[in-house]
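One structure is given below, encoded as structure tokens.
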Amino acid sequence: MPPSDSEPLARGPVPRGLPSVNGGISASDDIVIKASGVTVRFGQKTILENLELDVRRGEILGFVGPSGAGKSVLLRTILGLNPKQGGTIEVFGIDYHGANERERLSIERRWGVLFQHGALFSALTVRENIEVPMREYLDLSPKLMRDLAMLKIDLVGLAPDAADKYPSELSGGMIKRAGLARALALDPEIVFLDEPTSGLDPIGAADFDQLIMTLRDTLGLSVYMVTHDLDSLFQACDRIAVLGDRKVLVEGPLSTMLSFDHPWVKSYFHGKRARTVVTPNAPDADPSKSESAGVR
Ligand SMILES: Nc1ncnc2c1ncn2[C@@H]1O[C@H](COP(=O)(O)OP(=O)(O)OP(=O)(O)O)[C@@H](O)[C@H]1O
Ligand SMILES: [Mg+2]
């Protein structure tokens, strides 16, 4: 049976302790995205109401919540693909939605997006897909674009011969990597990832998490990751934000999630699936299970 979209996905053991929170580039208080009082409605239906959220420079923020809560709506709203009825969203300190054309373009050049399922153009090769944002935002020679695209292909761990393949010729994991390479085309400071590990096998998903952590550490990226994947949350994320009741219910490190008293948050982080990946540091971790955890 395919995994339910609303359920957390567990995929095998994870290392002990809370990795990466203080590893590599540590999250500073520098805010790259600030959502204040954001309200989004479709007709009579209010999806988000007075939502508050901060994303800090250099952190991997995991964004979770029940299916249909509005995670994708918020992502699309931040990206300006969705209108909002109230509030402000500042990106790099600039109100993106109130900005003029020049300011918006300059912000768009500083972010990259990996949409769910990769969203690659099927008629273009991987290399041509990666060149799309370069053509849109930069004025580079064809040779330079080609060279840069090959660098991105290498950066995400794809073999050079993937460059001339079409999306239909790629595996699911290769599509995610190609999508990530396109998201990195403009050397962004923020990347938005929508369910980056869904559909990957456990090893592929763990490799992808590792790639994201490495890129964060080496490029200083800020990462906004919508995910249902408990392993990604436990393994890769510095902080987690939970969407529920039309707002961010709680925002903080894993330890905050584990002690937060809310029915959905409790069942998500202490549910059956969570217990298979929970670390010995967690308040209710089962030591016998933790002993057998090992390193992913
Ligand atoms: N363009 C739209 N017009 C009307 N309603 C919409 C639109 N986009 C999203 N919605 C509604 O907003 C709500 C939140 O949808 P959204 O896709 O953000 O959920 P989600 O939290 O991303 O869920 P999932 O985990 O399943 O991806 C849903 O009820 C959806 O039907
Ligand atoms: Mg969604």
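Each Lys and Arg contributes +1 and each Asp and Glu -1, all at the Cβ; summed about the Cα centre of the stretch 117-184, the dipole is approximately 140 debye.
What's the FRET efficiency of Arg110 with Asp201 using the Cβ-Cβ distance as r and R₀ = 35 Å, to the nearest 0.05?
0.60
Ranked by how many other Cβ atoms sit within 10 Å of their own Cβ, fewest first, the residues His97, His228 fall in the order His97, His228.
Going by a ≥ b ≥ c, the root eigenvalues of the Cα gyration tensor, does the stretch 117-184 fall in the rounded group (a/c under 1.5), the prolate group (a/b larger than b/c) or the oblate group? Here the stretch 117-184 falls in the prolate category.
Taking a straight line from the alpha carbon of Lys45, these aspartates and glutamates sit under 14 Å away, with near neighbours fewer than eight places off in the same chain left out: Asp245. In this simple spin-label model, placing a label point 7 Å from the Cα along the Cα-to-Cβ direction at both Arg102 and Lys45 gives a separation of 4.1 nm. If both residues of a DSSP beta bridge must be in the stretch 69-225, then about 20% of such bridges are antiparallel.
Highest mean packing comes first when the peptides 53-65, 199-211, 156-168 are listed by Cβ atoms within 10 Å, giving 53-65, 199-211, 156-168. Taking the Cα centre of the stretch 189-278 as reference, the dipole from Cβ charges on Lys and Arg (+1) and Asp and Glu (-1) amounts to some 440 debye.
Among Lys143, Lys266, Lys176, sorting on how many other beta-carbon atoms sit within 10 Å of each Cβ, with the fewest leading, yields Lys143, Lys266, Lys176.
Values quoted throughout were computed directly from the atomic coordinates according to the rules given, and no laboratory measurement underlies them. Computed from a prediction, not measured in an experiment: that's the story for all the values here. Cβ atoms come from the backbone with ideal geometry, glycine included; neighbour counts cover every protein chain shown.
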